[in-house]
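The values are calculated or read from the model by the stated rules, or taken from the named source; none is laboratory data. Keep in mind it's a predicted model, so treat the numbers as computed, not measured. Cβ placement follows ideal geometry from the backbone for every residue including glycine, while neighbour counts extend to all protein chains displayed. To get the accessible areas, we keep the full protein, side chains included, count just its heavy atoms, and leave off ligands, DNA and RNA. Shrake-Rupley method; radii C 1.70, N 1.55, O 1.52, S 1.80 Å.
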Amino acid sequence: QVQLVESGGGLVQPGGSLRLSCAASGSIFGIKAMGWYRQAPGKERELVATITSGSSTNYADSVKGRFTISRGNAKNTVYLQMNSLKSEDTAVYYCWIAALWDYWGQGTQVTVSS
């Protein structure tokens with residue numbers, strides 16, 4: 001069974017940067033889109049950014065201009081560059097791939113705090 005493995009989370013000060021990575025453990029056919037969601041304590045999971053197979057991107061208003069989503073040279077990899085981080089960006093970040101069905105990563109914690 002293919003799994004999504006995320007990395008790159010951690011603790012960073014406000015204004016800092018982090019880069020999240022997500023790689024599938026095997027081949028996924030028919031990928032339609034890839035992206036990142038996040039869930040803060042006590043809140044629902046929300047979309048952060050997505051990128052389609054045609055490279056169209058979509059961002060939550062709260063991260064526009066600060067976050068950049070990209071795909072790796074390997075087809076089943078996706079990245080999220082996060083700059084100018086704020087305390088409200090603190091959450092567990094989940095990788096997502098939409099193909100014949102949806103795949104989800106296990107989540108990686110991002111904490112923005114001084």
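Numbers at a glance
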item	result
Yes/no for residue 111 being more than 29 Å from residue 1 (Cα to Cα) and part of a strand (DSSP E or B)	yes
Condition check for residue 84: surrounded by fewer than 19 Cβ atoms within 10 Å (Cβ to Cβ) and at pLDDT 95 or above	yes
Any chance residue 108 is under 17 Å from residue 8 (Cα atoms), of a type in the set (Val, Ile, Thr) and open to solvent by 70 Å² or more (accessible area, probe 1.4 Å)	no
Qualifying residue in segment 60-75 (condition: in a loop (DSSP other than H, G, I, E, B) and on the phi > 0 side of the Ramachandran plot)	yes
Residue satisfying all of: in segment 84-108; part of a loop (DSSP other than H, G, I, E, B) and in contact with a Gly (Cβ under 7 Å, 6 or more places away or on another chain); nearest to residue 24 (Cα to Cα) among these	99
Single condition residue 42 does not satisfy, out of (1) on the phi > 0 side of the Ramachandran plot; (2) open to solvent by less than 70 Å² (accessible area, probe 1.4 Å)	(2)
Of all residues in segment 1-46 being of a type in the set (Ser, Thr, Tyr) and in a loop (DSSP other than H, G, I, E, B), the one that is modelled with the highest pLDDT	17
Unique residue being closer than 23 Å to residue 16 by Cβ, of a type in the set (Gly, Ala, Ser) and open to solvent by 20 Å² or more (accessible area, probe 1.4 Å) when the list is 70, 56	70
Scope segment 1-18; condition within 17 Å of the chain's Cα centre (by Cα), closer than 23 Å to residue 29 by Cα and either β-branched (Val, Ile, Thr) or open to solvent by less than 30 Å² (accessible area, probe 1.4 Å) (or both); matching residues	4, 5, 6
